[in-house]
Amino acid sequence: MYHIRKRIGVVSVCLLLVFLLAACGSGSTSAPAQDNPKESGEVKLNMWAHQGQEKEVAFYKTRIQKFNEAHKGKINVNLQIIPSGAGHAYEDKINAAVTSGGLPDILDMDGPFVANYASTRILASLDEYIDETDKQDFAPSIMQQGTYEGKLYALGAMESSLVLFYNKKLLQEAGITPPDSLDKAWTWQQFADHAKQLSKEGRYGVTLNMNLGVGEWMTFLGSVFVWSNGGELLSPDKKKAEGYVNAPASVEALQFIHKLFADKSANISDTPTDFEEGRAAMSIQGPWIIQGFDKYKDLDWGMTYLPYSKQKVSASGSWAFGISAQTKHPKEAAEVVKWMTNKESTVEISKLTGMPPARESAFKELPQYNEMPLKVIKDQVLNTAHARPATPAYPVLSAKFAEAYQAAAMGQNVQEALNKVAQETDRELQRFNR
């Protein structure tokens, strides 16, 4: 999820209202904006993909070109790259297309939005087009991310994670040996002790990247601490936040975050390059930052597992592909989804972007994940990854939880902050649970 940097902030109230209008008016499948006529027996499909990093966009274009060549005379896909700037331009375009009937046949979406799109019938189920053997090859977190109320709506080509990066020189000077296997991962207390030990004048023990702002990043990171402490953001049926997001386990998790700042082990006013430039000895971040390390010649970095409390948990989630409920050609559209997420695709996008592949079989084609440091990512993706809640109320939950995370970091009352999260989320859930 290197797109976290682009996910600062949340979906506007207008966006949510569009979802509700779509839900209220979707007793039957909406007519597509374009008829996708067959010409000489060839099905014409439209596809939208977000404007990610340059290498990711190149992957989309190349893979669709190869799909068209492989299906010449049968299926032809017109790919449109949509800007996805910080203001949720991509999501806004999707929601504007809902009421006009102008959705494409295939679209990609950020993982946490799958449930919202499924609940408002923007997406059609993929279940009848994806066989069970194929499903089993995907990382469990990818299946969790793409499933809503027991049905599969989206599949991704790549996964994500959060890891603990460290400066080898600084840890060695302090006599600290980082874990080299998942079973040796630091506990929260060990991590906090090391972070405090590494903090000196002009340098903090760890950066939690507060510079990314109050938005999806804080939920992406903060939720992992809640889960690791045995907490949840929502009830098991995803219909209630009260008693879960504000339960003692959740409060304790954010209090732990607060203590890192209170002890001066982390900097509330950090900058984007504190770790790379030696102002922080460690950093919790995603693998998307690795490609930028080459710019810092003095940085000798390593990677280890996320610290844990009661159970080992890591973040997950990235962009995924699904078929529109408005398409007249769901079978052919599903072929595109399968193509974009097959083993060849997952291997290729991993090589291009440095992100972990979404398939277990793809890891076998990428031997670099069998050795440290990338083995950390593989171990977490396949063993500890946890998707964010599949709920149509996710935009509100994420926005309010991010605010509570910031409040905790700044030393405000955590219980009160999480109580507000529960209240606002339950209010939103009531709109979908009627």
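The values are calculated or read from the model by the stated rules, or taken from the named source; none is laboratory data. All values derive from a computational prediction rather than experimental measurement. Cβ: placed from backbone, ideal geometry, glycine included. Neighbour counts: every protein chain shown. Accessible surface is based on the protein model in full, side chains and every heavy atom, while ligands, DNA and RNA are left aside. Shrake-Rupley method; radii C 1.70, N 1.55, O 1.52, S 1.80 Å.
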request  = Starting from the amide H of Gly102, placed 1.01 Å from N in the peptide plane, find each other amide H under 5 Å away whose residue is 5 or more places distant or on another chain.
outcome  = Ala33
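Which length gain, in nm to one decimal place, applies between Gln136 and Gln415 when the Cα-Cα distance is subtracted from 0.36 nm times their residue separation?
Numbers: separation 279, 0.36 × 279 = 100.44 nm, distance 3.97 nm.
Going from the current span to full extension adds 96.5 nm.
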key: Per residue, in Å², the accessible surface of region 373-434 once ligands and nucleic acids are set aside, probe 1.4 Å   = 40
key: Phi-based couplings in Hz for region 136-152 (Karplus 6.51, -1.76, 1.60; Gly and Pro marked x)   = 5, 7, 7, 4, x, 5, 5, 5, 5, 4, x, 10, 9, 6, x, 10, 8
query = Which ³J(HN,Hα) values, rounded to whole Hz and listed in residue order, are derived for region 402-408 from phi using the Karplus coefficients 6.51, -1.76 and 1.60 in 6.51 cos²θ - 1.76 cosθ + 1.60 with θ = phi - 60°, glycine and proline given as x?
reply = 4, 5, 5, 4, 5, 4, 4
Unit charges at the beta carbon, dipole of region 95-135: most positive-side option, Pro112, Ala124, Ala97 = Ala97
request  = Count the DSSP beta bridges whose two residues both fall in the chain, then state the antiparallel fraction as a percent rounded to the nearest 5.
outcome  = 60
message = Placing unit charges on C-beta atoms (Lys and Arg positive, Asp and Glu negative, everything else neutral), compute the dipole magnitude of region 313-360 about its Cα centre in debye, rounded to 20.
response = 80
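Please list 282-293, 114-125 highest first by mean number of surrounding beta-carbon atoms within 10 Å per residue.
On the way: 282-293: 20.1, 114-125: 24.4.
Ranked from most to least packed, the peptides come out as 114-125, 282-293.
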ask   = Under 16 Å from the Cα of Lys264, which lysines turn up, not counting those fewer than eight places away in the same chain?
value = Lys196, Lys200
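I'd like the carbon and sulfur percentage of the solvent accessible area for region 38-143, probe radius 1.4 Å, heavy atoms only, ligands and nucleic acids excluded.
Values: 1990 of 4320 Å².
Answer for region 38-143: carbon and sulfur cover 46 percent of the accessible area.
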Label selected from (1) 19.7; (2) 22.4; (3) 21.1, the criterion being mean projected area of the Cα convex hull in nm² as computed here = (1)
key: Inter-label distance for Gln51 and Leu366, nm, one decimal - labels placed 7 Å from Cα along Cα-to-Cβ   = 2.6
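Students often check this: by mean Cβ neighbours within 10 Å, which of 365-377, 227-239 ranks highest, and how do the rest follow? Walk me through the numbers on the way to the answer.
Values: 365-377: 16.5, 227-239: 19.2.
By packing density, highest mean first, the sequence is 227-239, 365-377.
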note = Extend 7 Å from the Cα of Asp180 along its Cα-to-C-beta direction; within region 366-388, residues with backbone N under 17 Å of that point are 369-377, 379
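Just how large is the dipole of the chain about the Cα centre, in debye to the nearest 20, putting +1 at every Lys and Arg Cβ and -1 at every Asp and Glu Cβ?
On the way: 46 positive and 50 negative charges, 49 e Å.
For the chain, the charge dipole is close to 240 debye.
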